Amino acid sequence: MKKLNLIAEHLGVAISYGARPWQIMKKLFGFRNTIAHGKSKTFKPPVKVVSLEVHETDVSMVKTEWELFCTQENAKSARTDVEKIVFTLYEAAKAAGCDAGYPFVKGSQHSDVSLYTPEIKPSRQKK
């Protein structure tokens with residue numbers, strides 16, 4: 001987050017990590033660090049005493065913090081917040097005379113495919 005802080009400071013953008021959209025950044029960096037530098041954990045789930053006559057259908061596994069964080073709702077919320085942050089920094093950079101173009105440009109790909117089957121051999125024409 002040091003780089004984010006440095007960029008924001010350079011552009012004169014005030015960051016408030018206690019409020020949206022900025023508060024998501026600590027969670028995302030923490031999530032990233034946990035995934036990138038994962039460590040094994042031993043869990044001791046709470047003991048649940050049930051009758052042998054009752055079939056238990058609600059069995060759930062104990063989850064880590066990062067597993068609990070991985071929800072569609074969190075992903076959508078994080079995307080919205082990060083887009084707001086990127087646009088805030090983009091507008092500040094533009095105002096400072098540094099316009100590198102629209103921040104979200106969809107990429108494109110191009111590729112060629114050759115079909116080869118034992119019956120049809122590719123031609124070896126020079127171009």
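The values are calculated or read from the model by the stated rules, or taken from the named source; none is laboratory data. None of the values given here were measured: they were computed from a predicted structure. Heads up, the Cβs are rebuilt from the backbone with ideal geometry, glycines too, and the neighbour counts pull from every protein chain shown.
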**Message:** Being at pLDDT 85 or above, more than 26 Å from the chain's Cα centre (by Cα) and aliphatic (A, V, I, L, M): is that true of ALA95 here?
**Reply:** yes
**Asked** So LYS44 fits all but one of (1) among the basic types (Lys, Arg); (2) at pLDDT 85 or above; (3) not in a helix (DSSP H, G or I); what number is the exception?
**Response** (2)
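Filter region 7-28 down to the residues that are within 19 Å of LYS76 (Cβ to Cβ) and either without any contact (Cβ under 8 Å) to a residue 60 or more places away in the chain or not in a loop (DSSP other than H, G, I, E, B) (or both) and list them by number.
In the first step, residues of region 7-28 are kept if they are within 19 Å of LYS76 (Cβ to Cβ); the result is 19-28.
If the condition is that a residue be within 19 Å of LYS76 (Cβ to Cβ) and either without any contact (Cβ under 8 Å) to a residue 60 or more places away in the chain or not in a loop (DSSP other than H, G, I, E, B) (or both), then ALA19, GLN23, ILE24, MET25, LYS26, LYS27, LEU28 are the ones that fit.
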**Prompt:** How many residues are touching a residue at least 12 places away in the same chain (Cβ under 8 Å) and not in a helix (DSSP H, G or I) if we restrict to region 62-91?
**Reply:** 2
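Hey, could you check region 100-124 for residues that are at pLDDT below 80 and either polar (S, T, N, Q) or surrounded by 10 or more Cβ atoms within 10 Å (Cβ to Cβ) (or both) and say which is farthest from the chain's Cα centre (by Cα)? Before you say what the answer is, go through the steps one by one.
We begin by selecting, within region 100-124, every residue at pLDDT below 80; these are 100, 105-124.
Checking the rest, the ones that are also either polar (S, T, N, Q) or surrounded by 10 or more Cβ atoms within 10 Å (Cβ to Cβ) (or both) come to 108-109, 111, 114, 117, 123.
Details: SER108: 21, GLN109: 22, SER111: 27, SER114: 35, THR117: 41, SER123: 45 Å.
Result: SER123.
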**Item:** Among residues of region 6-36, those that are under 19 Å from the mean Cα position of the chain (by Cα) and not small (Gly, Ala, Ser), counted
**Value:** 16
